[in-house]
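Worksheet: one structure, shown below.
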Amino acid sequence: MISMEDFKKLELKIAEIESVTNHPNADRLYVLVVKAGEIRKTIVAGIRPYYREDELRGKKIVLLDNLEPVVIRGVESQGMLLAASLEDHLTLIVPERPIPDGATVR
């Protein structure tokens, strides 16, 4: 269990995927450039088996924006997208209605 204070530390924002490339050192990873308001970030996501590049470009996602950067197989990831999975199924968590990127998720 985490406290409400711990949960409030998470900065969740709507971001738009601007570009998608295959990770140079991993078959299951994409390198995404996402835009959340005026900020652009690079994130590494293990969603390549589930989504084609053309399905992702322009898609709005939920981004964990204040995650400490980490290097994943040689590429720095500056955030994390949210997805739900069960066994071999995975789906991105996306807004159900149009909303500008940079909007806060609470």
Within segment 36-60, residues assigned to a helix (DSSP H, G or I) and buried (at least 18 other Cβ atoms within 10 Å of the Cβ) come out as Leu56
Every listed condition ((1) modelled with pLDDT under 95; (2) within 21 Å of Thr91 (Cβ to Cβ)) holds for Leu29 save (1)
Pairs please, first residue from segment 33-44 and on the phi > 0 side of the Ramachandran plot, second anywhere and of a type outside the set (Asp, Glu) and not in a strand (DSSP E or B), Cβ atoms under 8 Å, 6+ apart in sequence or on different chains. Gly37/Pro100; Gly37/Gly102
If we keep just the residues of segment 61-78 that are without any contact (Cβ under 8 Å) to a residue 12 or more places away in the chain and closer than 20 Å to Asn22 by Cα, which is surrounded by the fewest Cβ atoms within 10 Å (Cβ to Cβ)? Val71
Unmet criterion (only one of (1) within 13 Å of the chain's Cα centre (by Cα); (2) modelled with pLDDT under 95) for Lys8: (1)
I'd like to check something: does segment 4-26 contain any residue that is surrounded by fewer than 15 Cβ atoms within 10 Å (Cβ to Cβ), in a strand (DSSP E or B) and touching a helix residue (DSSP H, G or I) at 6+ places or on another chain (Cβ under 9 Å)? yes
Those residues of segment 64-76 that are part of a strand (DSSP E or B) and more than 14 Å from Val31 (Cα to Cα) come to a total of 1
Check on Arg40, closer than 12 Å to Ile17 by Cβ, out of contact with any helix residue (DSSP H, G or I) (no Cβ under 8 Å at 6 or more places or on another chain) and not aromatic (Phe, Trp, Tyr): yes
Restricting segment 84-106 to residues that are modelled with pLDDT of 95 or more and of a type in the set (D, E, K, R), which is surrounded by the most Cβ atoms within 10 Å (Cβ to Cβ)? Asp101
Would you check if Leu81 is in contact with a strand residue (DSSP E or B) (Cβ under 6 Å, 6 or more places away or on another chain), surrounded by fewer than 17 Cβ atoms within 10 Å (Cβ to Cβ) and either within 22 Å of Asp6 (Cα to Cα) or among the aromatic types (Phe, Trp, Tyr) (or both)? no
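The values are calculated or read from the model by the stated rules, or taken from the named source; none is laboratory data. Predicted, not measured: the structure shown is a model, and the values here were computed from it. Glycine also receives a Cβ, built like all others from the backbone with ideal geometry; neighbour counts cover every protein chain displayed.
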